[in-house]
Amino acid sequence: MTTRRKLSSGDHNPATIDGISLLPDTILCHILSFLPTKSSVRTSALSKRWISLWSYVPNLDFELEHQDVINRVTLLHKALTINTFSLIQKNDSSLINENEYQLETWIMFAVARNVKNLHLCVVSNMVLPRRLFTCETLVNLRLDDCGMVPNIGGGGVRLPRLKMLHLTYVLYETDECLSNLLSGCPVLEELVMELIWGLVRCNVTSPSIERLTLDFQSNGEGGIDNREYWVEINAPALRYLNMTNCYSQGIKCGTMNSLIEADIDIYKYNDFRYSRCDLEFIDMLRNAECLYLDLAHCTGIIDSLSAWAISFHNLTKLELTADCPFLSKFLESADNLEILIFSEFYEEIESWMEPQQVPKCLSSHLRFVRLSEVGGKQHEYEYIQYLLRNAKVLERMEISPCKSIGFEDKFYMLQKISMFRRGSDACEVAFDLVQ
(Lines give C-alpha, C1' and ligand atoms only; values in the text may rest on other atoms or scores of the structure.)
Protein backbone atom coordinates (compact mmCIF):
# COMPACT_ATOMS: atom_id res chain seq x y z
CA MET A 1 0.00 0.00 0.00
CA THR A 2 1.36 3.41 -0.93
CA THR A 3 1.42 6.21 1.58
CA ARG A 4 1.25 9.92 0.91
CA ARG A 5 3.39 12.30 2.89
CA LYS A 6 1.49 15.21 4.34
CA LEU A 7 2.88 18.52 3.18
CA SER A 8 4.44 20.53 5.94
CA SER A 9 3.93 24.26 6.22
CA GLY A 10 7.29 24.82 4.47
CA ASP A 11 6.41 22.72 1.45
CA HIS A 12 4.78 24.13 -1.68
CA ASN A 13 2.33 22.38 -3.95
CA PRO A 14 3.43 23.18 -7.53
CA ALA A 15 -0.21 23.23 -8.60
CA THR A 16 -0.92 26.13 -6.26
CA ILE A 17 2.01 28.31 -7.30
CA ASP A 18 0.96 31.23 -9.58
CA GLY A 19 4.34 31.94 -11.14
CA ILE A 20 3.13 34.70 -13.44
CA SER A 21 1.72 36.74 -10.54
CA LEU A 22 5.19 36.84 -9.00
CA LEU A 23 6.42 38.96 -11.92
CA PRO A 24 6.73 42.76 -11.57
CA ASP A 25 3.88 44.95 -12.83
CA THR A 26 6.00 46.32 -15.67
CA ILE A 27 6.59 42.84 -17.09
CA LEU A 28 2.94 41.88 -16.68
CA CYS A 29 1.86 45.01 -18.55
CA HIS A 30 4.34 44.18 -21.28
CA ILE A 31 2.81 40.69 -21.59
CA LEU A 32 -0.71 42.13 -21.68
CA SER A 33 0.33 44.53 -24.45
CA PHE A 34 0.41 41.60 -26.88
CA LEU A 35 -3.29 40.86 -26.27
CA PRO A 36 -6.31 42.61 -27.80
CA THR A 37 -7.59 45.23 -25.38
CA LYS A 38 -10.78 43.22 -24.80
CA SER A 39 -8.73 40.24 -23.57
CA SER A 40 -6.45 42.47 -21.53
CA VAL A 41 -9.40 44.01 -19.68
CA ARG A 42 -10.80 40.57 -18.89
CA THR A 43 -7.72 39.76 -16.79
CA SER A 44 -9.06 42.18 -14.15
CA ALA A 45 -11.30 39.32 -12.95
CA LEU A 46 -8.33 37.11 -12.02
CA SER A 47 -7.54 38.61 -8.62
CA LYS A 48 -7.24 41.86 -6.72
CA ARG A 49 -3.76 42.44 -8.06
CA TRP A 50 -4.99 42.24 -11.67
CA ILE A 51 -7.93 44.63 -11.29
CA SER A 52 -6.21 47.68 -12.71
CA LEU A 53 -3.11 46.26 -14.41
CA TRP A 54 -4.75 46.44 -17.87
CA SER A 55 -5.19 50.20 -17.48
CA TYR A 56 -1.41 50.70 -17.56
CA VAL A 57 -0.90 48.71 -20.76
CA PRO A 58 0.55 51.08 -23.41
CA ASN A 59 -1.33 49.49 -26.33
CA LEU A 60 -5.05 49.92 -27.03
CA ASP A 61 -6.51 47.75 -29.77
CA PHE A 62 -10.23 48.11 -30.57
CA GLU A 63 -11.82 46.05 -33.33
CA LEU A 64 -15.58 46.15 -33.93
CA GLU A 65 -16.21 47.42 -30.41
CA HIS A 66 -19.25 49.48 -29.43
CA GLN A 67 -18.50 53.11 -28.75
CA ASP A 68 -19.62 52.74 -25.10
CA VAL A 69 -16.93 50.12 -24.56
CA ILE A 70 -14.28 52.33 -26.15
CA ASN A 71 -15.38 55.33 -24.09
CA ARG A 72 -15.22 53.36 -20.82
CA VAL A 73 -11.78 51.94 -21.57
CA THR A 74 -10.33 55.32 -22.54
CA LEU A 75 -11.88 56.87 -19.43
CA LEU A 76 -10.29 54.32 -17.08
CA HIS A 77 -6.96 54.06 -18.89
CA LYS A 78 -4.10 55.37 -16.72
CA ALA A 79 -0.95 55.04 -18.82
CA LEU A 80 0.61 58.45 -19.46
CA THR A 81 1.87 57.45 -22.88
CA ILE A 82 0.42 55.18 -25.56
CA ASN A 83 2.63 53.13 -27.79
CA THR A 84 -0.13 51.92 -30.17
CA PHE A 85 -3.74 53.03 -30.58
CA SER A 86 -5.67 50.96 -33.13
CA LEU A 87 -9.33 51.52 -33.95
CA ILE A 88 -10.86 49.25 -36.60
CA GLN A 89 -14.61 49.64 -37.13
CA LYS A 90 -14.75 49.41 -40.90
CA ASN A 91 -17.29 46.61 -41.26
CA ASP A 92 -19.92 48.35 -39.18
CA SER A 93 -20.01 52.14 -39.28
CA SER A 94 -23.08 52.10 -37.02
CA LEU A 95 -20.78 51.33 -34.09
CA ILE A 96 -19.88 55.01 -33.94
CA ASN A 97 -23.43 56.10 -34.79
CA GLU A 98 -22.03 58.43 -37.44
CA ASN A 99 -20.88 60.63 -34.56
CA GLU A 100 -17.98 62.64 -35.91
CA TYR A 101 -17.39 64.29 -32.54
CA GLN A 102 -16.97 60.85 -30.98
CA LEU A 103 -14.28 59.84 -33.46
CA GLU A 104 -12.50 63.13 -32.94
CA THR A 105 -12.59 62.56 -29.17
CA TRP A 106 -10.82 59.21 -29.53
CA ILE A 107 -8.19 60.70 -31.84
CA MET A 108 -7.52 63.54 -29.42
CA PHE A 109 -7.29 61.07 -26.53
CA ALA A 110 -4.49 59.22 -28.35
CA VAL A 111 -2.72 62.46 -29.29
CA ALA A 112 -2.90 63.75 -25.72
CA ARG A 113 -1.22 60.53 -24.51
CA ASN A 114 1.72 61.05 -26.90
CA VAL A 115 0.80 58.14 -29.16
CA LYS A 116 3.57 56.67 -31.33
CA ASN A 117 1.61 54.32 -33.61
CA LEU A 118 -1.91 55.29 -34.69
CA HIS A 119 -4.15 53.17 -36.93
CA LEU A 120 -7.65 54.39 -37.74
CA CYS A 121 -9.95 52.30 -39.91
CA VAL A 122 -13.41 53.84 -39.55
CA VAL A 123 -15.85 54.76 -42.32
CA SER A 124 -16.24 58.50 -42.01
CA ASN A 125 -16.28 61.66 -44.13
CA MET A 126 -15.27 64.01 -41.31
CA VAL A 127 -12.40 66.44 -41.71
CA LEU A 128 -9.67 65.02 -39.52
CA PRO A 129 -8.68 67.25 -36.58
CA ARG A 130 -5.72 69.49 -37.30
CA ARG A 131 -4.20 68.61 -33.95
CA LEU A 132 -3.52 65.12 -35.34
CA PHE A 133 -1.05 66.63 -37.80
CA THR A 134 0.95 68.36 -35.08
CA CYS A 135 1.46 65.25 -32.92
CA GLU A 136 5.20 65.34 -32.40
CA THR A 137 5.42 61.79 -30.99
CA LEU A 138 3.86 59.98 -33.96
CA VAL A 139 6.17 57.48 -35.66
CA ASN A 140 3.63 55.44 -37.64
CA LEU A 141 0.31 56.85 -38.91
CA ARG A 142 -2.19 54.75 -40.84
CA LEU A 143 -5.49 56.28 -41.97
CA ASP A 144 -7.94 53.92 -43.66
CA ASP A 145 -11.23 55.27 -45.04
CA CYS A 146 -11.56 57.50 -42.01
CA GLY A 147 -12.16 61.00 -43.31
CA MET A 148 -10.60 63.96 -45.07
CA VAL A 149 -7.10 65.36 -44.77
CA PRO A 150 -7.38 69.12 -44.19
CA ASN A 151 -5.33 71.60 -46.16
CA ILE A 152 -2.84 72.91 -43.59
CA GLY A 153 -0.50 75.35 -45.26
CA GLY A 154 2.13 77.74 -43.99
CA GLY A 155 4.19 75.06 -42.27
CA GLY A 156 1.27 74.11 -40.02
CA VAL A 157 1.99 70.37 -40.24
CA ARG A 158 4.56 69.26 -37.63
CA LEU A 159 5.24 65.54 -37.52
CA PRO A 160 8.97 65.54 -36.74
CA ARG A 161 9.23 61.82 -35.83
CA LEU A 162 6.87 60.31 -38.41
CA LYS A 163 8.59 57.55 -40.41
CA MET A 164 5.66 55.58 -41.89
CA LEU A 165 2.52 57.07 -43.42
CA HIS A 166 -0.28 54.94 -44.94
CA LEU A 167 -3.24 56.71 -46.56
CA THR A 168 -5.94 54.34 -47.82
CA TYR A 169 -9.27 55.55 -49.26
CA VAL A 170 -8.64 58.97 -47.76
CA LEU A 171 -10.20 62.20 -49.04
CA TYR A 172 -8.32 65.47 -49.52
CA GLU A 173 -9.65 69.00 -49.24
CA THR A 174 -7.46 70.31 -52.07
CA ASP A 175 -4.64 69.18 -54.37
CA GLU A 176 -2.19 70.96 -52.07
CA CYS A 177 -3.10 68.81 -49.05
CA LEU A 178 -0.62 66.07 -49.83
CA SER A 179 2.37 68.30 -50.52
CA ASN A 180 1.62 70.37 -47.38
CA LEU A 181 1.34 67.19 -45.32
CA LEU A 182 4.64 65.77 -46.59
CA SER A 183 6.45 69.06 -46.04
CA GLY A 184 5.85 68.64 -42.32
CA CYS A 185 7.36 65.12 -42.19
CA PRO A 186 11.14 65.70 -42.32
CA VAL A 187 12.16 62.08 -41.51
CA LEU A 188 9.42 60.18 -43.39
CA GLU A 189 10.79 56.93 -44.83
CA GLU A 190 7.71 55.11 -46.18
CA LEU A 191 4.58 56.42 -47.88
CA VAL A 192 1.73 54.17 -49.03
CA MET A 193 -1.28 55.66 -50.80
CA GLU A 194 -4.27 53.74 -52.17
CA LEU A 195 -7.19 55.09 -54.19
CA ILE A 196 -6.35 58.77 -54.39
CA TRP A 197 -9.84 60.24 -54.34
CA GLY A 198 -10.17 63.92 -55.02
CA LEU A 199 -6.61 64.44 -56.24
CA VAL A 200 -6.18 65.72 -59.77
CA ARG A 201 -2.47 66.35 -59.28
CA CYS A 202 -0.65 63.96 -56.97
CA ASN A 203 2.58 65.63 -55.87
CA VAL A 204 4.89 63.46 -53.76
CA THR A 205 7.82 65.63 -52.76
CA SER A 206 10.10 64.53 -49.93
CA PRO A 207 13.88 64.48 -49.45
CA SER A 208 13.68 61.53 -47.01
CA ILE A 209 11.21 58.98 -48.44
CA GLU A 210 12.87 55.65 -49.25
CA ARG A 211 9.80 53.49 -50.01
CA LEU A 212 6.82 54.75 -52.02
CA THR A 213 3.69 52.80 -52.98
CA LEU A 214 0.95 54.40 -55.10
CA ASP A 215 -2.08 52.24 -55.92
CA PHE A 216 -4.43 54.08 -58.27
CA GLN A 217 -7.83 52.41 -58.29
CA SER A 218 -10.14 53.30 -61.17
CA ASN A 219 -13.35 52.30 -62.87
CA GLY A 220 -11.28 51.10 -65.84
CA GLU A 221 -12.20 53.98 -68.13
CA GLY A 222 -9.11 56.09 -67.64
CA GLY A 223 -8.70 58.10 -64.50
CA ILE A 224 -10.45 58.42 -61.19
CA ASP A 225 -14.07 59.50 -61.66
CA ASN A 226 -13.23 59.78 -65.40
CA ARG A 227 -10.99 62.77 -64.75
CA GLU A 228 -7.49 63.16 -66.04
CA TYR A 229 -4.89 63.41 -63.33
CA TRP A 230 -1.14 63.82 -63.05
CA VAL A 231 1.58 62.36 -60.86
CA GLU A 232 4.77 64.14 -59.85
CA ILE A 233 7.47 62.46 -57.75
CA ASN A 234 10.44 64.30 -56.30
CA ALA A 235 12.12 61.87 -53.90
CA PRO A 236 15.91 61.74 -54.38
CA ALA A 237 16.39 59.20 -51.53
CA LEU A 238 13.85 56.74 -53.00
CA ARG A 239 15.02 53.11 -52.96
CA TYR A 240 11.75 51.27 -53.69
CA LEU A 241 8.90 52.44 -55.93
CA ASN A 242 5.61 50.61 -56.49
CA MET A 243 2.97 52.10 -58.80
CA THR A 244 -0.09 49.95 -59.49
CA ASN A 245 -3.08 50.56 -61.79
CA CYS A 246 -1.61 53.87 -62.87
CA TYR A 247 -4.06 55.65 -65.18
CA SER A 248 -2.22 58.95 -64.83
CA GLN A 249 -2.13 61.09 -67.95
CA GLY A 250 1.31 62.33 -67.06
CA ILE A 251 4.08 61.07 -64.77
CA LYS A 252 6.90 63.42 -63.93
CA CYS A 253 9.87 62.36 -61.84
CA GLY A 254 12.92 64.01 -60.43
CA THR A 255 16.26 62.25 -60.12
CA MET A 256 16.12 58.83 -58.45
CA ASN A 257 19.79 57.89 -58.20
CA SER A 258 19.21 55.76 -55.08
CA LEU A 259 16.52 53.57 -56.66
CA ILE A 260 17.11 49.82 -56.21
CA GLU A 261 13.75 48.24 -57.01
CA ALA A 262 10.68 49.37 -58.96
CA ASP A 263 7.34 47.64 -59.59
CA ILE A 264 5.35 49.57 -62.19
CA ASP A 265 1.95 48.86 -63.76
CA ILE A 266 0.74 51.49 -66.26
CA TYR A 267 -2.74 51.55 -67.86
CA LYS A 268 -3.17 53.61 -71.01
CA TYR A 269 -5.02 51.91 -73.84
CA ASN A 270 -4.11 53.46 -77.20
CA ASP A 271 -3.41 56.85 -75.63
CA PHE A 272 -0.63 58.29 -77.78
CA ARG A 273 -0.73 61.81 -76.35
CA TYR A 274 1.52 61.04 -73.40
CA SER A 275 3.66 58.19 -74.79
CA ARG A 276 6.82 60.33 -74.81
CA CYS A 277 6.10 61.29 -71.20
CA ASP A 278 5.84 57.60 -70.30
CA LEU A 279 9.20 56.87 -71.92
CA GLU A 280 10.75 59.68 -69.93
CA PHE A 281 9.31 58.14 -66.76
CA ILE A 282 10.78 54.71 -67.63
CA ASP A 283 14.10 56.47 -68.21
CA MET A 284 13.98 57.71 -64.61
CA LEU A 285 13.99 54.06 -63.47
CA ARG A 286 17.37 53.45 -65.10
CA ASN A 287 19.27 53.02 -61.81
CA ALA A 288 17.10 50.15 -60.57
CA GLU A 289 18.67 46.76 -59.93
CA CYS A 290 15.33 44.92 -59.97
CA LEU A 291 12.53 46.06 -62.27
CA TYR A 292 8.99 44.69 -62.56
CA LEU A 293 7.33 46.45 -65.47
CA ASP A 294 3.82 45.77 -66.79
CA LEU A 295 3.15 47.63 -70.04
CA ALA A 296 0.40 45.29 -71.26
CA HIS A 297 -2.13 48.10 -71.07
CA CYS A 298 0.17 50.84 -72.33
CA THR A 299 0.02 50.20 -76.06
CA GLY A 300 0.46 53.81 -77.19
CA ILE A 301 4.08 53.83 -76.06
CA ILE A 302 5.16 51.43 -78.82
CA ASP A 303 5.16 54.18 -81.45
CA SER A 304 7.75 56.07 -79.38
CA LEU A 305 10.24 53.21 -79.18
CA SER A 306 12.32 54.78 -81.93
CA ALA A 307 13.25 57.45 -79.38
CA TRP A 308 14.40 54.84 -76.84
CA ALA A 309 17.87 55.76 -75.57
CA ILE A 310 17.75 54.32 -72.07
CA SER A 311 20.60 52.42 -70.42
CA PHE A 312 19.79 50.24 -67.41
CA HIS A 313 23.39 49.81 -66.29
CA ASN A 314 22.52 48.43 -62.81
CA LEU A 315 19.67 46.14 -63.84
CA THR A 316 20.22 42.48 -62.90
CA LYS A 317 16.61 41.25 -62.71
CA LEU A 318 13.80 42.16 -65.12
CA GLU A 319 10.21 40.94 -65.01
CA LEU A 320 8.51 42.33 -68.12
CA THR A 321 4.95 42.05 -69.43
CA ALA A 322 4.71 43.84 -72.76
CA ASP A 323 4.63 43.56 -76.53
CA CYS A 324 7.57 41.76 -78.10
CA PRO A 325 9.51 44.88 -79.27
CA PHE A 326 10.16 45.85 -75.65
CA LEU A 327 12.07 42.61 -75.07
CA SER A 328 14.62 43.49 -77.73
CA LYS A 329 15.01 47.03 -76.38
CA PHE A 330 15.63 45.87 -72.82
CA LEU A 331 18.18 43.26 -73.89
CA GLU A 332 20.12 46.00 -75.67
CA SER A 333 19.82 48.39 -72.73
CA ALA A 334 20.67 46.15 -69.73
CA ASP A 335 24.28 45.03 -70.06
CA ASN A 336 24.36 43.31 -66.66
CA LEU A 337 21.02 41.51 -66.81
CA GLU A 338 21.15 38.10 -65.07
CA ILE A 339 17.50 37.12 -64.64
CA LEU A 340 14.79 37.66 -67.28
CA ILE A 341 11.10 36.87 -66.80
CA PHE A 342 9.04 37.73 -69.86
CA SER A 343 5.33 37.45 -70.60
CA GLU A 344 4.24 38.74 -73.98
CA PHE A 345 1.03 40.69 -74.33
CA TYR A 346 -0.41 40.33 -77.84
CA GLU A 347 -1.86 43.69 -78.63
CA GLU A 348 -0.10 45.62 -81.36
CA ILE A 349 2.91 43.83 -82.85
CA GLU A 350 3.45 40.09 -83.14
CA SER A 351 6.95 40.06 -84.58
CA TRP A 352 10.52 39.66 -83.41
CA MET A 353 13.32 41.88 -84.58
CA GLU A 354 16.79 40.82 -83.54
CA PRO A 355 19.06 43.46 -82.01
CA GLN A 356 21.63 44.74 -84.49
CA GLN A 357 24.39 43.41 -82.26
CA VAL A 358 24.31 40.62 -79.70
CA PRO A 359 23.58 42.37 -76.38
CA LYS A 360 26.36 42.26 -73.78
CA CYS A 361 24.07 40.68 -71.22
CA LEU A 362 23.65 37.62 -73.45
CA SER A 363 27.38 37.25 -73.91
CA SER A 364 28.38 37.30 -70.27
CA HIS A 365 25.61 37.71 -67.67
CA LEU A 366 22.18 36.23 -68.43
CA ARG A 367 21.83 33.03 -66.36
CA PHE A 368 18.09 32.44 -66.06
CA VAL A 369 15.10 33.01 -68.38
CA ARG A 370 11.43 32.30 -67.76
CA LEU A 371 8.95 32.75 -70.61
CA SER A 372 5.24 32.68 -69.75
CA GLU A 373 2.08 32.31 -71.83
CA VAL A 374 3.95 31.10 -74.92
CA GLY A 375 1.41 30.36 -77.66
CA GLY A 376 3.48 28.66 -80.36
CA LYS A 377 3.52 31.62 -82.75
CA GLN A 378 6.33 31.98 -85.25
CA HIS A 379 7.83 35.11 -83.69
CA GLU A 380 7.91 33.35 -80.30
CA TYR A 381 10.02 30.54 -81.75
CA GLU A 382 12.27 33.22 -83.20
CA TYR A 383 13.06 34.99 -79.94
CA ILE A 384 13.37 31.69 -78.02
CA GLN A 385 15.84 30.47 -80.63
CA TYR A 386 17.72 33.76 -80.49
CA LEU A 387 18.05 33.65 -76.70
CA LEU A 388 19.19 30.01 -76.64
CA ARG A 389 21.74 30.58 -79.40
CA ASN A 390 23.30 33.77 -78.03
CA ALA A 391 23.09 33.43 -74.24
CA LYS A 392 26.59 32.07 -73.62
CA VAL A 393 26.29 31.60 -69.83
CA LEU A 394 22.61 30.66 -69.64
CA GLU A 395 21.98 27.96 -67.04
CA ARG A 396 18.24 27.45 -67.28
CA MET A 397 15.28 28.47 -69.44
CA GLU A 398 11.74 27.76 -68.24
CA ILE A 399 8.86 27.86 -70.73
CA SER A 400 5.20 27.90 -69.72
CA PRO A 401 2.76 27.60 -72.65
CA CYS A 402 -0.70 29.16 -72.72
CA LYS A 403 -3.24 27.17 -70.74
CA SER A 404 -5.58 27.13 -73.73
CA ILE A 405 -3.15 25.06 -75.80
CA GLY A 406 -3.83 21.30 -75.96
CA PHE A 407 -1.34 18.63 -74.96
CA GLU A 408 -0.45 17.65 -78.54
CA ASP A 409 0.37 21.24 -79.48
CA LYS A 410 2.45 21.61 -76.34
CA PHE A 411 4.37 18.45 -77.16
CA TYR A 412 5.02 19.73 -80.68
CA MET A 413 6.35 22.99 -79.22
CA LEU A 414 8.64 21.05 -76.89
CA GLN A 415 10.03 18.96 -79.74
CA LYS A 416 10.65 22.00 -81.91
CA ILE A 417 12.34 24.04 -79.16
CA SER A 418 14.47 21.05 -78.14
CA MET A 419 16.09 21.12 -81.59
CA PHE A 420 17.31 24.71 -81.21
CA ARG A 421 21.08 25.13 -80.87
CA ARG A 422 22.28 26.34 -77.49
CA GLY A 423 25.16 28.73 -76.99
CA SER A 424 25.68 27.47 -73.44
CA ASP A 425 26.58 23.82 -72.86
CA ALA A 426 25.28 24.09 -69.30
CA CYS A 427 21.82 25.32 -70.31
CA GLU A 428 18.80 23.15 -69.54
CA VAL A 429 15.34 23.85 -70.91
CA ALA A 430 12.35 23.10 -68.68
CA PHE A 431 9.00 22.94 -70.54
CA ASP A 432 5.74 22.74 -68.61
CA LEU A 433 3.56 20.14 -70.36
CA VAL A 434 0.96 19.59 -67.63
CA GLN A 435 -0.26 23.00 -66.54
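The values are calculated or read from the model by the stated rules, or taken from the named source; none is laboratory data. Because the structure is predicted, anything quoted here is derived from the model rather than measured. Here Cβ is always computed from backbone atoms with ideal geometry, including for glycine, and neighbour counts include all displayed protein chains. For accessibility, only protein heavy atoms count, side chains too; no ligands or nucleic acids. Shrake-Rupley method; radii C 1.70, N 1.55, O 1.52, S 1.80 Å.
Say whether the condition of being modelled with pLDDT of 70 or more, under 30 Å from Thr168 (Cα atoms), surrounded by fewer than 17 Cβ atoms within 10 Å (Cβ to Cβ) and within 41 Å of the chain's Cα centre (by Cα) is met by at least one residue in the range 7-27. Among the residues of the range 7-27, not one is modelled with pLDDT of 70 or more, under 30 Å from Thr168 (Cα atoms), surrounded by fewer than 17 Cβ atoms within 10 Å (Cβ to Cβ) and within 41 Å of the chain's Cα centre (by Cα), which makes the answer no. If the condition is being farther than 20 Å from Leu195 by Cβ and crowded, with 20+ Cβ neighbours inside 10 Å, then the range 119-150 contributes Leu132, Phe133, Cys135, Leu138. I need every pair where a residue in the range 406-435 that is assigned to a loop (DSSP other than H, G, I, E, B) has its Cβ under 7 Å from the Cβ of a residue that is among the small types (Gly, Ala, Ser), sequence separation at least 6 or different chains. Qualifying pairs under 7 Å: Gly423/Ala391; Ser424/Ala391; Asp432/Ser400; Gln435/Ser400. Taking the range 128-160 as the range and being of a type in the set (A, V, I, L, M) and over 26 Å from the mean Cα position of the chain (by Cα) as the test, only Ile152 passes.
Applying the selection to the range 56-75, what residues are within 33 Å of the chain's Cα centre (by Cα) and under 16 Å from Thr43 (Cα atoms)? Listed by number, the residues that qualify are Val57, Pro58, Asn59, Leu60, Asp61. Could you say which residue among Asp278, Asp263 is of a type in the set (Asp, Glu) and at pLDDT below 85? Among Asp278, Asp263, only Asp278 is of a type in the set (Asp, Glu) and at pLDDT below 85. Restricting attention to the range 163-184, the residues that are modelled with pLDDT under 90, in a helix (DSSP H, G or I) and within 20 Å of the chain's Cα centre (by Cα) total 0. When Ser351, Ser343, Ser333, Ser328 are checked against the criterion of being more than 28 Å from the chain's Cα centre (by Cα), open to solvent by less than 30 Å² (accessible area, probe 1.4 Å) and among the small types (Gly, Ala, Ser), a single residue qualifies: Ser328. Considering the range 387-435, and only residues there that are of a type in the set (S, T, N, Q) and at pLDDT below 90, the residue that is most open to solvent (accessible area, probe 1.4 Å) turns out to be Ser404.
The requirement of being loosely packed, with under 15 Cβ neighbours inside 10 Å, at pLDDT below 80 and of a type in the set (A, V, I, L, M) is fulfilled somewhere in the range 48-62, by at least one residue.
Applying the set (1) closer than 19 Å to Leu285 by Cα; (2) assigned to a loop (DSSP other than H, G, I, E, B); (3) modelled with pLDDT of 95 or more; (4) open to solvent by less than 30 Å² (accessible area, probe 1.4 Å) to Ile310 leaves exactly one unmet item: (3).
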